[in-house]
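Coordinate-derived values only; no laboratory data. Quick caveat: nothing in here was measured; it's all calculated off a predicted structure. As a convention, Cβ positions derive from the backbone with ideal geometry for all residues, glycine included, and neighbour counts pool all protein chains shown.
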Amino acid sequence: MTLSSMLLGCLVMFAVTYATKAVGLLLVKKQIKNRFVLSFLYYLPYSVLAVMVFPAIFFSTSFLWSGIAGAAVALVLSFFRCGLLPVSLASIAAVYAVEQLFFLFA
C-alpha cells in the first residue's frame, strides 16, 4: 500500500464522516427522532472504515491464510466483547503463528 493510497483513504473517511455530521447540523433544524436515520448516521463512519480496512487485512500478510486466521480471531473475540487491545494482540499472535507454520512447513 502506497502513501498516496493511504492518504486517499484517510481523505475519503474524513469526507464521509464530515458529510454525515454536516448534514445533521446544517440541513436539519429540529432534533432527528427517526430511529432508522439516527442509526444510519451513527454507524455510517464505522461501516466505511470497516469497508476500507477489511480487504487490507487479508492482503497485508505474506499468506492469505494468515490474514484469514487473524481476521477470524478478531471477529470471534469481538463477538465476545473483548477490548481493543486483547483483540489486536490475539490477532497479531494468530497471524504470526500461522506465518511461522507456513515458513516451517514450506
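By how many nm would the segment from A22 to L3 lengthen if fully extended, with 0.36 nm per residue of separation less the alpha-carbon distance? List each step's numbers first, then the result.
Working: separation 19, 0.36 × 19 = 6.84 nm, distance 2.78 nm.
Full extension of this stretch gives 4.1 nm more.
Pairs of alpha-carbon atoms within less than 8 angstrom and 6+ residues apart define the contacts here; what relative contact order does segment 61-106 have, in percent? Don't skip to the end; give the middle numbers.
Details: 32 pairs, mean separation 22.9, N = 46.
Relative contact order here is 50 percent.
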### Summary
Proxy exposure order for V28, V16 (fewest C-beta within 10 Å first) is V28, V16
### Task
Rounded to the nearest Å, what's the spacing between the alpha carbon centres of segment 1-16 and segment 33-85? Just the number, please.
17
## Note on the structure
One can check that the equivalent ellipsoid of the chain, built from the alpha-carbon gyration tensor with semi-axes equal to the square roots of five times its eigenvalues, has lengths in Å, largest first, of 36, 18, 9
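Percent relative contact order of the chain, based on C-alpha pairs within less than 8 angstrom and at least six residues apart? If you can, show how the numbers build up before the last one.
Details: 55 pairs, mean separation 21.2, N = 106.
Reported relative contact order: 20 percent.
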#### Entry: Structure-based [θ]222 nm, the chain - -39500 (n - 2.57) summed over DSSP H runs of at least 4, per residue, nearest 500
-27000 deg cm²/dmol
### Message
For a quick check: sort M52, M6 by the number of other beta carbons within 10 angstrom, fewest at the front.
### Response
M6, M52
### Summary
In degrees rounded to 10, the 0-90 angle between helix 3-22 Cα long axis and the longest Cα principal axis of the chain is 30
### Query
Share of Cα-Cα pairs in segment 1-57 beyond 15 Å, in percent?
56
